[in-house]
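The values are calculated or read from the model by the stated rules, or taken from the named source; none is laboratory data. None of these values were measured; they are calculated from a predicted model. No Cβ is skipped: glycine too gets one built from the backbone with ideal geometry, and neighbour counts run over all protein chains shown. Side chains are part of the model used for accessible areas, which takes the heavy atoms of the whole protein and leaves out ligands, DNA and RNA. Shrake-Rupley method; radii C 1.70, N 1.55, O 1.52, S 1.80 Å.
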Amino acid sequence: MSYFRKNIEMMSGYTPGEQPQDGIYIKLNTNENPYPPSPKVLNAIKNAVSDSLRLYPDPVATQARQKVAEVLGTKPEYVMAGNGSDDLLSIIIRSFAGPCDKVIFPYPSYMLYKTLAELQDGDACAIDFTEDYTLPEDFIVKGARVTFIANPNSPSGTMIPPDDISKIALKIDGVLVVDEAYADFADDNCLRLVEKHDNILILRTLSKSYSLAGIRLGFCIAQEHLIQGMMKVKDSYNVDRLSIAAVVAALDDQKSMKAHVEKIKETRLHLKRTLQEMGFFVYPSQTNFVLARCMKGVSAHTLYQTLKSRKILVRYFNLRRLDDCLRITIGTREEIDALLKLLKELVSDSHSKVVHTC
């Protein structure tokens, strides 16, 4: 006998990337930043470790919201903080979608969208991207309560132009959630659309560009009526004191963040060009990772397993349209060169075996 709701019993749940508990790995599988957070963040956290930890944090993270508004050029009333952007995604789905409501998202994309829709017993509708990761004409679904678009997309790294996002917002019935976790690595973003559309919610995180995946702090930017409604749904104290101190300090050091982003973009270009020279197809990336499709005769799963056995982790998805690909996080130049050296050996061995068989 099961005590779970039927939809919970039937769903598979979201599977995060591997976090090894033993051994030393070159970790290129979960899109973490290879560089340390700003020294200002570490000092702010140390200063926040005081007698004040006995007190609850500010329930609406006022300091963090004010700093986000200052840096992004918006109003604090347009900002909501969360325990990572995943917390905000959960708040959004609980705010706007219920049982049987349609929740739309492209495929392949961030699979948590499907999980969240299933948690609400909603109608999770995955609509295939075209081959070049643009949105198809039938992406607009009548009556959809929530439409999710990761932009830039994960795992492809590709981006939909803001003008196209704006057109979608005009056509849909419900809210449009633009998940911009990787926006700081991209050439453009959709923040300016918030003033134009009262149904757009933009999500950002400090996990990627600010090197704070371990802190869990994200924020949503939307018009005030949406923020006020979602405040009813969030946990009473969803952001702790240390996270609030960290986000204020991190956002106060734009120089450090931008320097690391530029390093990552340079290494991304190096990785892309070298993979292409080896015969991989690499999708155009606006993120801190690349999606590389293996050439004929080379198994992505075998490459993934062999790399793992040699203490290098990349992401493999045993899913339709992705099972011949590897998603590779941009590490340091040294880490990427170690990966490329091993990949060249493995690909050369694979080609030799094919030729020998023929």
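Below, the figures for the structure above:
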{"read-out": "Filtered residue count, the stretch 86-117, keeping only those that are under 21 Å from ASP58 (Cα atoms), buried (at least 24 other Cβ atoms within 10 Å of the Cβ) and of a type in the set (Ser, Thr, Tyr)", "value": "0"}
{"read-out": "Options GLU18, GLU32, GLU77: the member that is open to solvent by 50 Å² or more (accessible area, probe 1.4 Å), under 16 Å from the mean Cα position of the chain (by Cα), of a type in the set (Asp, Glu) and modelled with pLDDT of 95 or more", "value": "GLU32"}
{"read-out": "Top-ranked residue in the stretch 35-65 [being open to solvent by less than 30 Å² (accessible area, probe 1.4 Å) and part of a loop (DSSP other than H, G, I, E, B); ranked as nearest to SER309 (Cα to Cα)]", "value": "SER38"}
{"read-out": "Top-ranked residue of the stretch 135-165 - restricted to ones that are open to solvent by 50 Å² or more (accessible area, probe 1.4 Å) and more than 18 Å from the chain's Cα centre (by Cα), ranked as farthest from ARG320 (Cα to Cα)", "value": "ASP163"}
{"read-out": "Selection within the stretch 12-27 - touching a residue at least 12 places away in the same chain (Cβ under 8 Å), assigned to a loop (DSSP other than H, G, I, E, B) and within 26 Å of VAL247 (Cβ to Cβ)", "value": "TYR14, PRO16, GLY17"}
{"read-out": "Which listed residue, of LEU206, LEU201, LEU176, LEU191, is modelled with pLDDT of 95 or more, open to solvent by 10 Å² or more (accessible area, probe 1.4 Å) and among the aliphatic types (A, V, I, L, M)", "value": "LEU191"}
{"read-out": "Tabulated pairs, the stretch 76-95, first in contact (Cβ under 8 Å) with a residue 60 or more places away in the chain and among the polar types (S, T, N, Q), second part of a helix (DSSP H, G or I) and open to solvent by less than 10 Å² (accessible area, probe 1.4 Å), C-beta under 7 angstrom, 6+ apart or interchain", "value": "SER95/MET230"}
